[in-house]
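Q: Got a structure for you, written out below as structure tokens; questions coming shortly.
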Amino acid sequence: MASKIISVDAGSPAERAGLKAGETLLQIDGTAIYDVLDYKFYSYDARLDVRVLEADGETVRAVQVRKHEGEPLGLNFEHYLMDGMKQCSNKCVFCFVDQLPRGMRKTLYIKDDDARMSFLMGNYISMTNLSEADVDRILRMHISPVNISVQTTDPELRIRMLQNRRAGEALKIMKRFAEGGITMNCQLVVCKGLNDGEALRRSLHDLKALYPAVDTISVVPFGMTRHREGLYPLEPTDQPAAAAILDIVEPFAEQCLRELGTRLVWCGDELYLTAGRPLPDTDYYEAFTQFENGIGMLPLFMEEFRTALADYAGRTARPFTIATGTAAAPSMAHLLDEATQACDNLKGQVIAIKNDFFGPLVSVAGLITGQDLIAQLKGRALGERVLISANMLRDGGDVFLDDYTPQQVADAIGVPLVPVEIDGADLLAKIFED
């Protein structure tokens, strides 16, 4: 699929060579360019023979480009992937998108399962829509790392959980990736009564056998909303279920540490909070490879906060409220107590926001909606501003999941909203901001 150039970066090799917006990229060094991976892979070299179709739609011209090896060429296209995104072909029993209420913006219902997004953006893929050509291309281009939603290594159980007849082929593909030197970060979304217990033990041992190609494994509970009418009957991850998962994973991780020099597998923060167990120290998480997957996010946040707190000793701040999910609220309250002891006359509070939009079993801050903030904060004494986690908002910080804007919420509750990055030092900076 040819890709039209919509802009050329100023000062880039492409601009210096005379490539123009409105032209269509056809080939680099004789190879047809179909998508973003082709573009990035074949534009790496220092000397390139680029062929484009001019804006008239008829004339093909050759352009010689000279640049530093690895330097971006500087072209921008109509679509980031340069062709269509591969949609998910599964009907996973735990799929969060299937548990969304009706009437939300269309983009929230998109389910991608595209290996290119895994490599470029860190998305997790199931591999059920990988063709033989896709697998060969990943191996040939050495597209690595790849993030894989494994769920279970039992082929029959994986077919049942993903409701896709190709789901059982995953381990075979992963073995080919391992033999080809592809690094894989794996995820196990654990559902009570399905892939926990002995199934979880089997998955951990099977994935360990692929080390070091399997670099990390995360174990997280599935998120259960109240919008599950007509869906597969699942039970929530309660305290005993979360404790049982930890009792399997933690001894296995310690065994891996003794044998491999790495724990290899980590549980999501939510499992510790649900089980009522203390979170590990930050050293436990090694390189934090799966931080964005909720692995060690809260322990690191708390350490960053405590490290930065010494810089604010004795300072005062305008009154404020921290609004967060019910899962993190106790930890935030504990940090605020520490800050109050270190600082003069600090007037702040933590309010745990119950998730009425998705249901009370959804406890993380990132899924709090604007309407829940309004319903639970309006009319309360909030100080001069409300601090919220920036991940409540879409990239760009312009809208909540329910399409409320930060300004709409601020107008309704009577004080400004202040987004805070997932960084304990940033929370302190926003608390003491003038």
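The values are calculated or read from the model by the stated rules, or taken from the named source; none is laboratory data. Just so it is clear, the model here is predicted, and its values are computed rather than measured. With ideal geometry, Cβ positions are generated from the backbone for all residues, glycine too; neighbour counts draw on all protein chains shown. Side chains included, ligands, DNA and RNA excluded: accessible areas come from the protein's heavy atoms. Shrake-Rupley method; radii C 1.70, N 1.55, O 1.52, S 1.80 Å.
Q: For the range 210-349, what does the accessible surface come to per residue with a 1.4 Å probe? Please give it in Å².
A: 45 Å²
Q: For F77, list long-range residues whose amide hydrogen, built 1.01 Å from N in the peptide plane, is under 5 Å from its own amide hydrogen.
A: Those lying under 5 Å, H to H, from F77 are I6.
Q: On the first, second and third principal axes, largest extent first, how far apart are the outermost C-alpha atoms of the chain in Å?
A: Cα spread of the chain along its principal axes, largest to smallest: 70, 53, 45 Å.
Q: Please state, to two decimals, what the Cα-based radius of gyration of the range 168-209 comes to when divided by 2.2 N^0.38 Å (N = residues).
A: Cα-based Rg divided by the globular estimate yields 1.27.
Q: Now a separate question. In whole angstrom, note down how far apart the Cα centers of the range 403-434 and the range 232-278 are.
A: 33 Å
Q: Could you give me the ³J(HN,Hα) list for the range 358-369, computed from phi with Karplus coefficients 6.51, -1.76, 1.60 and θ = phi - 60°, whole Hz, x at Gly and Pro?
A: With coefficients 6.51, -1.76 and 1.60, one gets 9, x, x, 7, 8, 10, 7, 5, x, 10, 6, 9 Hz.
Q: For the chain, modelled as a GNM with alpha-carbon contacts under 10 angstrom, which of L335, L194, L75 fluctuates the most?
A: L75
Q: Dividing the convex hull volume of the Cα atoms of the range 326-434 by its residue count, what figure in Å³ per residue is obtained?
A: 100 Å³
Q: Whose amide H sits under 5 Å from the amide H of V219, counting only residues 5 or more places off or on another chain, with H placed in the peptide plane?
A: L188, W266, C267, G268
Q: While we're here: Just to confirm the number: angle between the C-alpha axis of helix 197-208 and the first principal axis of the chain, 0 to 90 degrees, nearest 10?
A: Approximately 40 degrees, to the nearest ten.
Q: From largest accessible area down, sort H68, H227; use a 1.4 Å probe on the protein chains.
A: Listed by decreasing accessible area, they come as H68, H227.
Q: Please give the calculated 222 nm ellipticity per residue for the chain, where each DSSP H segment of at least 4 residues contributes -39500 (n - 2.57) and the sum is spread over every residue; nearest 500 deg cm²/dmol?
A: Using -39500 (n - 2.57) per qualifying helix, the result is -9500 deg cm²/dmol.
Q: Return the carbon/sulfur percentage of the accessible area of the chain, one whole number, probe 1.4 Å, all protein chains in place.
A: On the chain, the fraction of accessible area on carbon and sulfur atoms equals 51 percent.
Q: Taking the range 300-375 on its own, what percent of its Cα-Cα pair distances exceed 22 Å?
A: When every Cα pair of the range 300-375 is considered, 31 percent fall beyond 22 Å.
Q: Starting from the amide H of V420, placed 1.01 Å from N in the peptide plane, find each other amide H under 5 Å away whose residue is 5 or more places distant or on another chain.
A: I388, S389, A390
Q: Can you work out ³J(HN,Hα) from phi for every residue in the range 94-110, in order, using Karplus 6.51 cos²θ - 1.76 cosθ + 1.60 and θ = phi - 60°, giving whole Hz and x for Gly and Pro?
A: Per residue, the Karplus-derived 3J(HN,Hα) values read 10, 4, 6, 4, 5, 9, 7, x, 6, x, 8, 5, 4, 5, 6, 8, 6 Hz.
Q: Looking at the square roots a ≥ b ≥ c of the eigenvalues of the Cα gyration tensor of the range 249-399, which shape do they give, rounded for a/c under 1.5, prolate if a/b is larger than b/c, or oblate?
A: oblate
Q: Something else about it: Angle, helix 297-309 long axis vs. longest principal axis of the chain, Cα atoms, 0 to 90°, nearest 10?
A: Helix 297-309 and the main axis of the chain meet at about 70 degrees.
Q: While we're on this one: May I ask you to list the lysines whose Cα is less than 20 Å away from that of K106, ignoring any residue fewer than eight positions away on the same chain?
A: K86, K91
Q: Now a separate question. Quick one: among L346, L53, L387, which has the greatest mean-square fluctuation in a GNM of the chain with alpha-carbon springs under 10 angstrom?
A: Judging by the Gaussian network model, the answer is L53.
Q: About its Cα centre, what dipole magnitude does the range 1-77 give when the only charges are +1 on Lys and Arg Cβ and -1 on Asp and Glu Cβ, stated in debye to the nearest 20?
A: It comes to approximately 140 debye.
Q: I've got another one for you. Can you give the accessible area of S126 in Å² (nearest 10), computed on protein heavy atoms with a 1.4 Å probe?
A: About 10 Å², rounded to the nearest 10.
Q: For the range 176-255, report the convex hull volume of the alpha-carbon atoms normalised per residue, in Å³, without decimals.
A: With only Cα atoms used, the range 176-255 gives 108 Å³ per residue.
Q: In the structure shown, do any of K378/K430; K40/K172; K40/K67; K175/K208 have a Cα-Cα gap over 20 Å, and if so which?
A: The pairs that break the limit, which is 20 Å between Cα atoms, are K378/K430; K40/K172.
Q: To continue, here is another question. Tell me which trypsin sites (Lys or Arg not before Pro) from the range 118-212 have a DSSP coil assignment and no more than 12 other beta carbons within 10 Å of their own.
A: R165
Q: Another question, then. How charged is the neighbourhood of T237? Take every other residue with its Cβ under 12 Å from the Cβ of T237, and add Lys/Arg as +1 and Asp/Glu as -1.
A: Charge balance near T237 sits at -3.
Q: Which angle between 0 and 90 degrees, to the nearest 10, do you get for helix 329-342 versus the longest principal axis of the chain when only C-alpha atoms count?
A: Here the helix axis deviates by roughly 70 degrees.
Q: In angstroms, what radius of gyration and Dmax does the range 1-69 have, counting Cα atoms only?
A: Rg, Dmax (Cα atoms, Å): 11.0, 32.
Q: With θ taken as phi - 60° and the coefficients 6.51, -1.76 and 1.60, list the Karplus ³J(HN,Hα) couplings across the range 63-78 in order, rounded to whole Hz; mark glycine and proline as x.
A: 10, 8, 10, 10, 7, 6, 4, x, 5, x, 5, x, 9, 10, 10, 4
Q: Per residue and in cubic angstrom, what volume does the convex hull of the Cα atoms of the range 220-337 have?
A: 141 Å³
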